[in-house]
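Right, one structure below, let's go through it.
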Amino acid sequence: MDLDLLSQQLIERYQHGMPLCAEPYREMAQVLGRGEAELMACLQRLELAGALSRIGPVFEHTRAGASTLAALAVPVERLEQVARRVSQYPEVNHNYAREHHYNLWFVLTGPHRQHLQQILDELERDTGLIPLDLPMLAAYRIDLGFSLGAHP
């Protein structure tokens with residue numbers, strides 16, 4: 001997908017530090033010198049093109065309750081179906097495919113460990129696949145932002 005100027009500006013400016021206010025999209029549009037409707041249309045285009053999958057916070061897991069990294073070994077022919085099922089949970093922060101025996105990985109965040117276990121148990125019942133549950137033992141801060149280079 002070729003990114004238009006507004007898409008590039010949105011990605012560069014708001015990978016980190018989205019405004020924390022009652023109307024964040026209006027504030028983002030004002031900062032970029034655009035209308036809110038134009039900004040929302042741009043975000044929708046990015047989502048429909050598959051260039052944007054999620055807008056939302058990533059919480060420090062110890063402050064938000066509990067989190068875990070989980071993986072499933074999904075038969076390739078079921079990967080899309082199982083990924084859609086996993087993504088139905090609002091507790092899922094990331095959900096991505098990998099080339100490995102465990103080929104579907106996702107991060108769960110919830111109010112407490114028992115809540116996460118309920119989701120993992122439900123996924124196992126629904127899919128017949130046993131989740132690999134990897135709770136974080138130590139936190140490492142990694143900047144996952146990507147510069148497009150043209151519009152710092």
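The values are calculated or read from the model by the stated rules, or taken from the named source; none is laboratory data. As the structure is a computational prediction, the values presented were derived from the model and not from experiment. Cβ coordinates were reconstructed from backbone atoms using ideal geometry, including for glycine residues, and neighbour counts include every protein chain displayed. To get the accessible areas, we keep the full protein, side chains included, count just its heavy atoms, and leave off ligands, DNA and RNA. Shrake-Rupley method; radii C 1.70, N 1.55, O 1.52, S 1.80 Å.
In percent, rounded to a whole number, the relative contact order of the chain is 26, using alpha-carbon pairs under 8 Å and six or more apart.
When the residues VAL76, VAL82 are ordered by accessible surface, computed with a 1.4 Å probe over the protein chains alone, the sequence from largest down reads VAL76, VAL82. Among the listed values [x] 14.6; [y] 10.7; [z] 8.5, the one computed from these coordinates for mean projected area of the Cα convex hull in nm² is [y].
Taking GluC sites (Glu not before Pro) as exposed when their DSSP state is a loop state and no more than 12 other Cβ atoms lie within 10 Å, the longest site-free interval of the chain runs over 1-59.
For the chain, the longest principal axis of the Cα atoms and the long axis of helix 5-14 meet at an angle of about 60 degrees.
The angle between the Cα long axis of helix 36-48 and the main principal axis of the chain comes to about 40°, on a 0 to 90 degree scale. For the chain, the mean residue ellipticity at 222 nm estimated from helices alone is -11500 deg cm²/dmol, where every DSSP H run of n ≥ 4 contributes -39500 (n - 2.57) and the total is divided by all residues, rounded to the nearest 500. Of the trypsin sites (Lys or Arg not before Pro) found in the range 82-130, the ones in coil according to DSSP and having at most 12 other Cβ atoms within 10 Å of their Cβ are ARG98.
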